[in-house]
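One structure below.
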Amino acid sequence: MAVQTIDINADAGESFGRWVLGSDSDVLPWVTTVNIACGFHAGDPANMRKSVQLARELGVNVGAHPGYPDLWGFGRRAMALSDQSVLDYIAYQTGALLGIANAEGVPMTHMKPHGSLYGHIARSPELALALSRELQNIQLGLALLTSPFAGGKAVRAAGLPVIFDAPADLDFEEDGTHVIEPIPQAKDPDKVADRAVQLAAGKVTSVTGVIIDMPTESICVHGDRPNAPAVAKAVHNRLIAEGYVISSAFTR
């Protein structure tokens, strides 16, 4: 019987200047992959470097987490941008983190869009393909971490590197889209862990009670949730208790 493996990813580096958000040092020990904010929706150069250093210390894989230029809205507001502008914004932010990661001797494995930008790319096969090709020009083998929707499926069909992602701490509509919280609230860690186990098996229960397919290779827990460390710990421990090996999807 094949060993079941699953990746856990979390966002990090979302503090900005003197404004502190999240507790990366308490969340990252429970995950295998980290997505580091690059300054447009959150983060700044100093916090980017601190996050890369922490990931190196903990042996966690590092990726860029670019968003819309929307500090006030934390990247969760939709923006009317051309596909080329989206590619330019992502290349700018990904390149910035790549420079810091290289300076720290840390390989960068992936890029995961943030917030509304994530949803935009997940729904657009054309944009997802163009983005994945752009990522290969930035660094060969750089993977896209995204939902198993039209965009991600198009990237996989094209043979480009992609890992399918789903959040354990968000609700799902019947069509598989996430129910976004403008301001994340604390959630019951055990209930989030229940959903993580379901996602690891490739399914999820929607807000209407319908069980839908959700092929998942990396389970997300959001670092800006007030009780994010407790949620990440519960997800990690429950998956192990269910017989999963927690292993980065980018190093198998």
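Quick notes on this one:
- Averaging 1/r over each pair of different alpha-carbon atoms in the range 1-40 and inverting the result gives 11.8 Å, the Kirkwood hydrodynamic radius.
- Antiparallel bridges, percent of DSSP beta bridges restricted to the chain (to nearest 5): 20 percent
- Here the Kirkwood formula, the inverse mean of 1/r across different C-alpha pairs, assigns the range 132-252 a hydrodynamic radius of 15.2 Å.
- Note on Lys191: lysines with a C-alpha under 18 Å away, same-chain residues under 8 apart excluded, are Lys203, Lys233.
- Size of charge dipole - the range 1-140 - debye, nearest 20, with Cβ of Lys, Arg +1 and Asp, Glu -1, no other charges: 80 debye
- Toward the positive end of the charge dipole of the chain, with +1 on the Cβ of Lys and Arg and -1 on the Cβ of Asp and Glu, the farthest Cα among Ile180, Leu170, Ala101 is that of Ala101.
- Inter-probe distance in nm under a simple model that places probes 7 Å from Cα toward Cβ, at Lys203 and Asn102: 4.7 nm
- Histogram of C-alpha separations across the chain, 5 Å bin width, %: 1, 7, 15, 19, 22, 18, 12, 5, 1, 0, 0
- Of Gly59, Gly67, Gly223, the one that fluctuates the most in a GNM where the chain has Cα springs shorter than 10 Å: Gly59
- Protein accessible area in the chain, 1.4 Å probe - carbon and sulfur %: 55 percent
- Of the beta bridges in the range 116-252, as assigned by DSSP with both residues counted there, near 45 percent are antiparallel.
- Stretching the chain fully between Gln53 and Gln185 yields a gain of 44.7 nm (0.36 nm per residue, less the alpha carbon separation).
- Gaussian network model of the chain, Cα within-10 Å springs - most flexible of His110, His120, His65: His120
- Amide H within-cut-off set for Lys187, under 5 Å, with H built and near neighbours excluded: Asn227
- Placed amide H near Cys220: partners under 5 Å, 5+ positions off or other chain: Asn9, Ala166, Ala168
- Residues considered: His222, His178, His114. Largest GNM mean-square fluctuation over the chain, using C-alpha springs under 10 Å, is found at His178.
- The chain: relative contact order in percent, alpha carbon pairs under 8 Å with at least 6 residues between: 22 percent
- Surface exposure of the range 79-185, expressed per residue as accessible area with a 1.4 Å probe, stands at 41 Å².
- Descending semi-axes in whole angstrom, ellipsoid equivalent of the range 41-102, from the Cα gyration tensor: 24, 13, 9
- Computed over Cα pairs, the Kirkwood radius of the range 1-81 leads via Stokes-Einstein (0.692 mPa s, 37 °C) to a diffusion coefficient of 246 µm² per second.
- Intensity falloff of the range 72-154 expressed as log10 I(q)/I(0), Debye formula with alpha-carbon point scatterers, at q = 0.21 Å⁻¹: -1.00
- In the chain, helices alone account for a calculated mean residue ellipticity at 222 nm of -12000 deg cm²/dmol, with every DSSP H run of four or more residues adding -39,500 (n - 2.57).
- Max-minus-min Cα coordinates of the range 1-146 on each principal axis give 49, 38, 27 Å, with the largest extent listed first.
The values are calculated or read from the model by the stated rules, or taken from the named source; none is laboratory data. None of these values were measured; they are calculated from a predicted model. Because the Cβ atoms are built from the backbone with ideal geometry, glycine has one as well, and the counts that use them run over all protein chains shown. What goes into the accessible areas is simple: the full protein's heavy atoms, side chains included, and nothing from ligands, DNA or RNA. Shrake-Rupley method; radii C 1.70, N 1.55, O 1.52, S 1.80 Å.
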